């Protein structure tokens, strides 16, 4: 059985991976990393490494993909296979950075997390996603809470350019994107896959920014394909 470490994205907790974990069944022993306590991607990576198995397959979603790349910078020898899911190794543009700052200010100003979460769904998930998926995402954001969400956004805002890490990766790697991702365009996944030796690109149809909760069966199948490449 594969040992699999999964990392959630912004405003998410372990629930974002729960459907994929269920779909994997007995094919993997899963641990979901804690990204809710630290003020930097490095801090998140070190916390996850402290409790992770000695060797493991690693998958990160969105911000979790950035944390996964930080793990690859810190302790690459422990990772046997890597999946980067709807993430981005490129630094923010000035416009993106300013948008993040405005979001942090709005959250700390007392924004309604339920209303803002439901408003964000049109950019987060594919229109074909089941209604309960949207409900789960909104509930997850409320559960994570505004202060933690703001802290995560600041961690992403202050991340380094992670493109140099890509060229150092030689293990079997899967770069996954939802075909309808409106948050991070598939072209970003294409560029990351091209920069990593031994990487494969997978595009999931009828899927937005959150494949593990939108398309868990497809996500699980891709992770199984990664496991097979590790053998």
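Details
- Acute angle (nearest 10 degrees) that the helix 63-74 long axis makes with the longest principal axis of the chain, alpha-carbon atoms: 40
- Region 60-196 shape via C-alpha gyration tensor axes, a/c threshold 1.5: prolate
- Distance from region 170-204 to region 75-148 (C-alpha centre basis), Å: 19
- The radius of gyration of the Cα set in region 172-220, together with its Dmax, comes out at 10.4, 28 angstrom.
- Cα-based helix-to-principal-axis angle, 41-51 vs the chain, degrees rounded to 10: 50
- When you restrict to C-alpha pairs under 8 Å that are six or more residues apart and normalise by the size of the chain, the relative contact order lands at 26 percent.
- Listed peptides 122-133, 169-180, 1-12 appear in the order 1-12, 169-180, 122-133 once ranked by packing, highest mean of other Cβ atoms within 10 Å at the front.
- Label positions at residue 161 and residue 101, each projected 7 Å from the Cα along the C-beta direction, are separated by 2.0 nm.
- Per-peptide average of other Cβ atoms within 10 Å, ordering 206-219, 81-94 highest first: 206-219, 81-94
- C-alpha long axis of helix 15-24 to longest principal axis of the chain, angle in °: 30
- Percent of Cα-Cα distances greater than 30 Å, calculated over the chain: 16
Every number here is computed from the coordinates shown, using simple stated rules; none is lab data. Quick caveat: nothing in here was measured; it's all calculated off a predicted structure. With ideal geometry, Cβ positions are generated from the backbone for all residues, glycine too; neighbour counts draw on all protein chains shown.
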